[in-house]
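The values are calculated or read from the model by the stated rules, or taken from the named source; none is laboratory data. It should be emphasised that the depicted structure is a prediction, and the values quoted were computed from it without experimental measurement. Here the Cβ positions follow ideal geometry from the backbone for every residue, glycine too, while neighbour counts run over all protein chains shown.
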Amino acid sequence: MSRRVALTMTVVVAAFGLTACGGEDRWCEHDATDKRVGDSHCEKNEPGYEWESDGGKTKTKTKKKSRH
């Protein structure tokens, strides 16, 4: 019975992960450069590419103040 529960939990977690990245709020990026690339790289699970999303937030860069 515990195997069935573990399998069910795995499927539920995977389903939530897929729906969180679904839609047009995601894009494929080259991991080392963080540049957007064609979705085909991520769809093929090529190493060095990953799906990105803003998670409802916009990316902003802030300057760090240096202490001298």
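At-a-glance table
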read-out	value
Meets criteria (at pLDDT 65 or above and assigned to a loop (DSSP other than H, G, I, E, B)) for Glu29	no
Residues that are assigned to a loop (DSSP other than H, G, I, E, B) and modelled with pLDDT of 95 or more, drawn from region 46-68	Glu46, Pro47, Gly48
Qualifying residue in region 4-26 (condition: of a type in the set (Lys, Arg) and either touching a Pro at 6+ places or on another chain (Cβ under 8 Å) or modelled with pLDDT under 80 (or both))	yes
Qualifying residue in region 34-43 (condition: out of contact with any Gly (no Cβ under 9 Å at 6 or more places or on another chain), part of a loop (DSSP other than H, G, I, E, B) and modelled with pLDDT of 95 or more)	yes
